[in-house]
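Working notes for the structure below.
The values are calculated or read from the model by the stated rules, or taken from the named source; none is laboratory data. Quick caveat, the model's predicted, so the values are computed rather than measured. So basically every Cβ, Gly included, is an ideal-geometry build from the backbone, and we count neighbours across all protein chains shown.
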Amino acid sequence: MLARGAALAAAVLLLCLCRGAGGASHWSTFAVPSCRQGRLLFTQEAARSRDHHSAVYDGRRARFLEHFLDHLVEEFGGHNDAFTPTLDGLRAAAPEWPGPNITFIDVGAGLYGAEADKAHAAEVLRRWGCGLGTVVVALEPNDAARLQARRAVRAALRASMGRRAAEECQGRIAWYGAAASDKNGSRAQLRGKDNGASISPTVPEKTRAPQYNHWSGEVETITVDAIAKRHGLHHVDILKVDAEGHDFAVLQGARGLLESGHVTLVVWELGANLNSLYYANWVEKTPTALPRGGLRALQPPHLLSVMRWLDERAYDCFFLGTKVLVPLTGVWWDDAYDVCVRSEGLPCWYDVLCVHRGARRPLAAVWSLATLLAQL
């Protein structure tokens, strides 16, 4: 599996498909590098290498890891909203993708951002518009959070495209009060308030965390595969998962789409609710050490196990940052990336973007946002 990562560097050579050899252009906090700049970071020799211990890879891996660890809070912490500039980066690097009829499934559609005033559905639709074939499915099991999100989407669309166009665009959004999971039609207890409400089994029945000492009621579960079938979606351009620790179960519920390569981009949240050790360290504030076998002996799901699961389904994963994306799959992995197993007060809240290796244009665009490291 690790050897497969050698092909990742080759993907950067596809940048010439998206851009000429001119200089960099700028938008938001990202800038698209030219093909020449991309080769400064990922050479043809590296692309042909099958040895993930090679000096070529070691240098690149060390540079990415150093940048990530040095800028955890200000660039990569989940409160920074790296999602929005990444959307802008993708649009600039691959303007022809995905076309006028985007399909977007938003799992955990509550508001986000430093002021909790942004909605992912609105940010996607403002950038790609509402073609006749546009489909957005938004799932938010917390009633109050869902109502707030619907109001925010309406206001954002009206501000960006006018009242009439916004009304038509809102008609392309299907809202669900169900919780996405790996089981269809079951019932689950929702704990927590507002956007933090979760059905994750990682949250113990008795917890010292005040945010989870509130029961929000019982909700029905549904799988992403079932949602796609219900709406006649054979392909999903972007699947965003923010399920407060239940993210891997949501991905398992999208197994059919993922294994067939019918999801181009997956964005999911790495948070303290994903794993019981994470939860002990970051929520309960009880420092807990890794098992004797280290990270690979840790009971899944955790960052590495989820990425390996996605790697087996032909997805390359990256940490989302406000200035650069950091590759994680295959040869790029280092155990130090999983800072959630430690308890020194670092954040345990990050967004991970994964792109299907068969989607050449988006893959090249995503890698172009990683090559920005050469400019920092």
**Study point:** Selection within region 136-148 - more than 16 Å from Met161 (Cβ to Cβ), in contact (Cβ under 8 Å) with a residue 24 or more places away in the chain and of a type in the set (A, V, I, L, M)
**Key:** Val137, Ala138, Leu139, Ala144, Ala145
Review point. In this structure, does Gly89 turn out to be under 19 Å from Leu239 (Cα atoms) and not hydrophobic (A, V, I, L, M, F, W, C)?
Key: yes
**Study point:** Residue, surrounded by the fewest Cβ atoms within 10 Å (Cβ to Cβ), within region 75-97, restricted to residues that are of a type in the set (Asp, Glu) and within 18 Å of the chain's Cα centre (by Cα)
**Key:** Asp88
Check your understanding: List the pairs whose first member sits in region 207-220 and is within 25 Å of Lys183 (Cβ to Cβ) and modelled with pLDDT of 80 or more, whose second member is hydroxyl-bearing (Ser, Thr, Tyr) and in a strand (DSSP E or B), and whose Cβ atoms are under 8 Å apart, counting only residues at least 6 apart or on separate chains?
Key -> Tyr212/Ser198
Review point. Out of the residues in region 231-259 that are of a type outside the set (D, E, K, R), in contact with a His (Cβ under 9 Å, 6 or more places away or on another chain) and assigned to a loop (DSSP other than H, G, I, E, B), which is surrounded by the most Cβ atoms within 10 Å (Cβ to Cβ)?
Key: Leu233
Check your understanding: Which pairs have Cβ atoms under 9 Å, sit 6 or more apart or on different chains, and link a residue in region 262-288 that is on the phi > 0 side of the Ramachandran plot and surrounded by fewer than 21 Cβ atoms within 10 Å (Cβ to Cβ) to one that is in a loop (DSSP other than H, G, I, E, B) and at pLDDT below 95?
Key -> Lys285/Arg208; Lys285/Ala209; Lys285/Ser343
Point to revise | Residue that is nearest to Arg150 (Cα to Cα), among those in region 99-122 that are of a type outside the set (A, V, I, L, M, F, W, C) and crowded, with 21+ Cβ neighbours inside 10 Å | key: Gly110
**Study point:** Candidate set: region 209-225, residues that are of a type outside the set (A, V, I, L, M, F, W, C) and outside any helix (DSSP H, G or I); chosen: the one nearest to His235 (Cα to Cα)
**Key:** Thr223
Study note, to complete from the structure: With the first residue restricted to region 173-195 and required to be hydrophobic (A, V, I, L, M, F, W, C), and the second required to be exposed (fewer than 14 other Cβ atoms within 10 Å of the Cβ) and modelled with pLDDT under 95, Cβ contacts under 8 Å at 6 or more apart or on different chains are Ala188/Glu218; Leu190/Trp215; Leu190/Gly217; Leu190/Glu218
Check your understanding: Ala228: closer than 24 Å to Arg360 by Cα, surrounded by 13 or more Cβ atoms within 10 Å (Cβ to Cβ) and in contact with a strand residue (DSSP E or B) (Cβ under 9 Å, 6 or more places away or on another chain), yes or no?
Key -> yes
Point to revise | Inter-residue pairs, beta-carbon under 8 Å, first assigned to a loop (DSSP other than H, G, I, E, B) and in region 107-121, second β-branched (Val, Ile, Thr) and at pLDDT 90 or above, 6+ apart | key: Gly108/Val241; Ala119/Val153
Point to revise | Hits in region 335-349 (condition: touching a residue at least 24 places away in the same chain (Cβ under 8 Å), part of a loop (DSSP other than H, G, I, E, B) and more than 19 Å from the chain's Cα centre (by Cα)) | key: Arg342, Ser343, Leu346
Exercise for review: Quick one: in region 123-135, of everything that is closer than 22 Å to Ala82 by Cβ and in contact (Cβ under 8 Å) with a residue 40 or more places away in the chain, which residue is surrounded by the fewest Cβ atoms within 10 Å (Cβ to Cβ)?
Suggested key: Arg127
Check your understanding: For region 272-292, does any single residue satisfy the condition of being within 21 Å of Glu312 (Cβ to Cβ), modelled with pLDDT of 90 or more and either among the charged types (D, E, K, R) or not in a loop (DSSP other than H, G, I, E, B) (or both)?
Key -> no
Point to revise | All positions within region 209-233 that are of a type in the set (Asp, Glu) and under 24 Å from Gly192 (Cβ atoms) | key: Glu218, Glu220
Practice item. Please find, within region 136-163, the residue that is surrounded by the most Cβ atoms within 10 Å (Cβ to Cβ) out of those that are assigned to a helix (DSSP H, G or I), within 21 Å of the chain's Cα centre (by Cα) and hydrophobic (A, V, I, L, M, F, W, C). Key: Val153
Exercise for review: With respect to Ala166, determine if the residue is within 14 Å of Asp106 (Cα to Cα), among the small types (Gly, Ala, Ser) and buried (at least 20 other Cβ atoms within 10 Å of the Cβ).
Suggested key: no
Revision key, fill the gap. Filtering region 134-192 for residues that are under 15 Å from Ala226 (Cα atoms), in contact with a helix residue (DSSP H, G or I) (Cβ under 6 Å, 6 or more places away or on another chain) and aliphatic (A, V, I, L, M) leaves a count of 4
Check your understanding: Taking region 289-316 as the search range and keeping residues that are of a type in the set (Gly, Ala, Ser) and farther than 27 Å from Glu205 by Cβ, which one is surrounded by the fewest Cβ atoms within 10 Å (Cβ to Cβ)?
Key -> Gly293
